[in-house]
Amino acid sequence: MNAPPRANAPASPSAPPMDPNRAIRGAHNKQYPREVWWFVASFIALVSICQLVSWGISKLSSGRPVRKQAGDAETAGRSNSPRRFSWRRVPLAAVNLYRVVAFRWTLEIGQSYTLNLAEVFVTAAYIIALFVWEFVNTTTTTGSKLDITYWGGRAGAIGASQLPLVTALGTKNNPIAYITGISYDKLNYIHRMTARVVFVILWIHGGAKWFIRIGLTALVALTVLILVSLRPIRAQVYEVFYFTHFLMVLIFLLGGYFHTNFERSGFYIWPCFLIWGLDRAIRLARLVFYNHLYFGFSKTAKRLDASVELLSPHFVRLHLQRPPHFRWTPGQTAFLTMPGVSGFPLEAHPFTIASVDARYQLNGVSSPTVGDAEKAGPPSGSDATPYWKELVFLINVREGFTKRLAQIAQAGGKVKVLVDGPYGFSPNLDHDDTVVLVAGGSGVSFSLSTFLGVLSHVQNGKSRCRKLVFIWSIREASHIEWVSKALTEALELAPAGLDISIRLFVTSGSTPGLVPADSWNEDDSVHSSEGTATGKSRPSSLLNFSAVQVSQGRPDLPALLRAEVDANVGRLSVTVCGSQGVARACRSALRIPVSTVVEGGPSVVLHVESFGYA
């Protein structure tokens, strides 16, 4: 039997009162990361809608493609009537004003880093959004403002919630790219920007929770990752960045998952592994699909090896037979894996495809069949045919991977190449009356394939282009030979009604009266070959065409582009592939006033493919 309680027994101590701030903090840590995601998702949806509306307006305003007759070449894209103000052109002028402000006004940092105002706006909006949600409502019930117990834990929740976005933006098969229509390489800036903002947010969390070791380990890994991803390091030791990036991301995500799982927030981290794994699975499947002949260990596999030519001490041309079912559009890139060249067997490097798919053949150029890869013999050397029948890459020689590739080319060897791609979105130039292509150095890979693609679409009635201008700046006149045969064959087969102008600028040496040397900076990574014969610098077959002009000195890009704006009407597009100096010169030249469009001038669209370790 239980003894009855004593009448005078002391009362049991009551439980300590629950801190009301704890419940508020927990609710905020769940609610605010979701609100940040609603903000990000709404912005992505807005961009997607704007892209869709822009595409629709372009389709409606362009009408059907116009094919000019032979006699119209001299007046193609031009207007002899005086330009006059028209109210009907005010909406078009407003669109051009938006293009100028958002994409041609830039914030320049040093000699090689440029942000357009659209990128500045996105960066500022993202930073402001995250830090507003980080520090809003951080006053305790007793009135203590900016209490560390509020913003310390919340920083970890917000930072972790953004990791799936950072991961998705860094993948090649990028879901956001397909939703917005912006290619993965242009979204790579957003990938780096979001990663660095999250890096700061997580260190704020780490400063408040410094005693948690596994979280601190993840932060150290992220710090190393951010440091090696800075442009100077990536440019000088890219392979070190490549391997460090992979290892540090793995350590960071694993550490981050176990750390957040203590707070039951691991659901923010594990989707990153799914996104990364799905991207790798897709890339592996494509690699096997496009290169299955290699894996068959048949005699055909030996004939698939790529030919490598050393065009100069710092430039290599690689071409290989097109894998069956591999299709691409002009200007797209492919990732090349070369087990015999790479430091790591599965290491892949992106290069722009300088040739065009067989669908873009010109009348008179033989087209390969799907089975050509199995039947064809060795590549046909320097003949122009590879630019329509094969995959051709013009590669800058730097350190590491490309330097070893140049050594193989110098020895006259071949390499096994596994192709993954294509990646990126090609600019749609079918609705442009005038197309201007500007290339600096190795940027000709992008511009040449685009040039051949435009010619094909004009010939087949798919493009309304009436004037095509090709501007290429090179260091040595001998570099013209790299693409001379492809250009010669293209000019021979070009539609008679298309006004074509090819302007080649040789920058080595100096001639009085030409543009000053500091007018713009071309690709410094392209160097001349020593002992090149002068006779090779001007191939007679190409220079026989009146459309081709070779000039000494650097091109005055502002003057050339403004002359095209003044002389043409309709829709004019300028597509640039070169260094930051080339891109800056073109952006500056195309900051045209609103009055130009309102008074009947062309509507100008600028596409920039600025190469480098951006």
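The values are calculated or read from the model by the stated rules, or taken from the named source; none is laboratory data. The model shown is predicted, which means the values in this text are computed figures rather than measured ones. Using ideal geometry, Cβ is built from the backbone for each residue, glycine included, and neighbour counts are taken over all protein chains shown.
Working carefully through the options A45, A73, find the one that is among the aliphatic types (A, V, I, L, M), modelled with pLDDT of 85 or more and outside any loop (DSSP other than H, G, I, E, B). Talk me through it step by step, then tell me what you get.
Numbers: A73 fails: modelled with pLDDT of 85 or more.
A45 is the lone residue from the list that is among the aliphatic types (A, V, I, L, M), modelled with pLDDT of 85 or more and outside any loop (DSSP other than H, G, I, E, B).
As an exercise: evaluate H314 against (1) in the same structural domain as A406 (by TED's automatic domain parsing); (2) closer than 30 Å to L169 by Cβ; (3) touching a Ser or Thr at 6+ places or on another chain (Cβ under 8 Å) and give the number of the one condition it does not meet.
All conditions pass for H314, except number (2).
For the structure I just gave you, tell me whether L219 is out of contact with any helix residue (DSSP H, G or I) (no Cβ under 8 Å at 6 or more places or on another chain) and either modelled with pLDDT of 85 or more or in a helix (DSSP H, G or I) (or both). First the steps, then the outcome.
On the way: out of contact with any helix residue (DSSP H, G or I) (no Cβ under 8 Å at 6 or more places or on another chain): no; either modelled with pLDDT of 85 or more or in a helix (DSSP H, G or I) (or both): yes.
No.
I'd like to check something: does region 484-495 contain any residue that is in contact with a strand residue (DSSP E or B) (Cβ under 9 Å, 6 or more places away or on another chain), acidic (D, E) and assigned by TED's automatic domain parsing to the domain that holds G443?
no
So, V458, is that one in a helix (DSSP H, G or I) and in contact with a Lys or Arg (Cβ under 8 Å, 6 or more places away or on another chain) or not?
yes
Out of E263, E239, which single residue is surrounded by 13 or more Cβ atoms within 10 Å (Cβ to Cβ) and assigned to a loop (DSSP other than H, G, I, E, B)? Quick ask: steps written out before the conclusion?
Numbers: E239 fails: assigned to a loop (DSSP other than H, G, I, E, B).
Step by step, each of E263, E239 is checked, and only E263 is surrounded by 13 or more Cβ atoms within 10 Å (Cβ to Cβ) and assigned to a loop (DSSP other than H, G, I, E, B).
Could you please find all residues in region 455-482 being free of Cβ contacts under 8 Å to residues at least 60 places away in the same chain and of a type in the set (V, I, T)?
Within region 455-482, I474 is the sole residue that qualifies.
Taking region 465-501 on its own, how many of its residues are among the basic types (K, R), modelled with pLDDT under 90 and in a loop (DSSP other than H, G, I, E, B)?
Keep residues of region 465-501 that are among the basic types (K, R), which gives 466-467, 475, 485.
Adding the requirement that they be modelled with pLDDT under 90 leaves 475, 485.
If we keep only those that are in a loop (DSSP other than H, G, I, E, B) as well, we get 475.
Matching residues across region 465-501 total 1.
Go through the residues of region 125-141 one by one and say whether even a single one is in the same structural domain as G277 (by TED's automatic domain parsing), of a type in the set (D, E) and in a helix (DSSP H, G or I).
So in region 125-141, the residues in the same structural domain as G277 (by TED's automatic domain parsing) come out as 125-141.
Now narrow it down to the ones that are of a type in the set (D, E): 134.
Checking the rest, the ones that are also in a helix (DSSP H, G or I) come to 134.
Yes - at least one qualifying residue is present in region 125-141.
Keeping to region 573-587, report how many residues are more than 20 Å from L107 (Cβ to Cβ) and either among the hydroxyl-bearing types (S, T, Y) or out of contact with any helix residue (DSSP H, G or I) (no Cβ under 9 Å at 6 or more places or on another chain) (or both). Don't jump to the end; show me each part of the working.
Start the filter on region 573-587 by keeping residues that are more than 20 Å from L107 (Cβ to Cβ), which leaves 573-575, 577.
Adding the requirement that they be either among the hydroxyl-bearing types (S, T, Y) or out of contact with any helix residue (DSSP H, G or I) (no Cβ under 9 Å at 6 or more places or on another chain) (or both) leaves 573, 575.
So the answer is 2.
Any residue at all in region 281-299 that is surrounded by 18 or more Cβ atoms within 10 Å (Cβ to Cβ), in contact with a His (Cβ under 9 Å, 6 or more places away or on another chain), within 29 Å of A411 (Cβ to Cβ) and modelled with pLDDT of 85 or more?
So far as region 281-299 goes, yes, one or more of its residues are surrounded by 18 or more Cβ atoms within 10 Å (Cβ to Cβ), in contact with a His (Cβ under 9 Å, 6 or more places away or on another chain), within 29 Å of A411 (Cβ to Cβ) and modelled with pLDDT of 85 or more.
Filtering region 34-51 down to residues that are of a type in the set (V, I, T) and more than 13 Å from A118 (Cβ to Cβ), which residue is surrounded by the fewest Cβ atoms within 10 Å (Cβ to Cβ)? Even if it seems obvious, please write down each step before you answer.
Quick first cut of region 34-51, residues of a type in the set (V, I, T) only: 36, 40, 44, 47, 49.
Then keep just the ones that are more than 13 Å from A118 (Cβ to Cβ); that gives 36, 40, 44, 49.
On the way: V36: 21, V40: 18, I44: 15, I49: 11.
So the residue we want is I49.
What pairs come out if I take residues in region 316-332 that are at positive phi and pair them with residues that are modelled with pLDDT under 90 and charged (D, E, K, R) whose C-beta lies under 6 Å away, six or more apart or interchain?
Here the result reads none, with nothing in region 316-332 linked to a residue that is modelled with pLDDT under 90 and charged (D, E, K, R).
Pairs needed: first member in region 283-302, more than 27 Å from K172 (Cα to Cα); second member anywhere, surrounded by 18 or more Cβ atoms within 10 Å (Cβ to Cβ) and at pLDDT below 75; C-beta distance under 7 Å; at least 6 residues apart or different chains.
These pairs meet every condition: A301/Y294.
Can you tell me which residue among N173, N116 is in contact with a strand residue (DSSP E or B) (Cβ under 6 Å, 6 or more places away or on another chain) and surrounded by 16 or more Cβ atoms within 10 Å (Cβ to Cβ)? Full working, then the answer.
Working: N173 fails: in contact with a strand residue (DSSP E or B) (Cβ under 6 Å, 6 or more places away or on another chain).
Answer to the check: N116.
Quick check on T180: is it buried (at least 20 other Cβ atoms within 10 Å of the Cβ), of a type in the set (S, T, Y) and in contact with a helix residue (DSSP H, G or I) (Cβ under 8 Å, 6 or more places away or on another chain)? Before you say what the answer is, go through the steps one by one.
Details: buried (at least 20 other Cβ atoms within 10 Å of the Cβ): yes; of a type in the set (S, T, Y): yes; in contact with a helix residue (DSSP H, G or I) (Cβ under 8 Å, 6 or more places away or on another chain): yes.
Yes: the conditions hold for T180.
Give the residues of region 222-236 that are among the aliphatic types (A, V, I, L, M) and either part of a helix (DSSP H, G or I) or surrounded by 17 or more Cβ atoms within 10 Å (Cβ to Cβ) (or both), sorted by residue number.
Correct list: L222, V224, L225, I226, L227, V228, I233, A235.
Inside region 189-240, can you point out the residues that are over 23 Å from L117 (Cα atoms) and touching a residue at least 60 places away in the same chain (Cβ under 8 Å)?
I201, I204, A208, R234, A235, Q236, V237, Y238, E239
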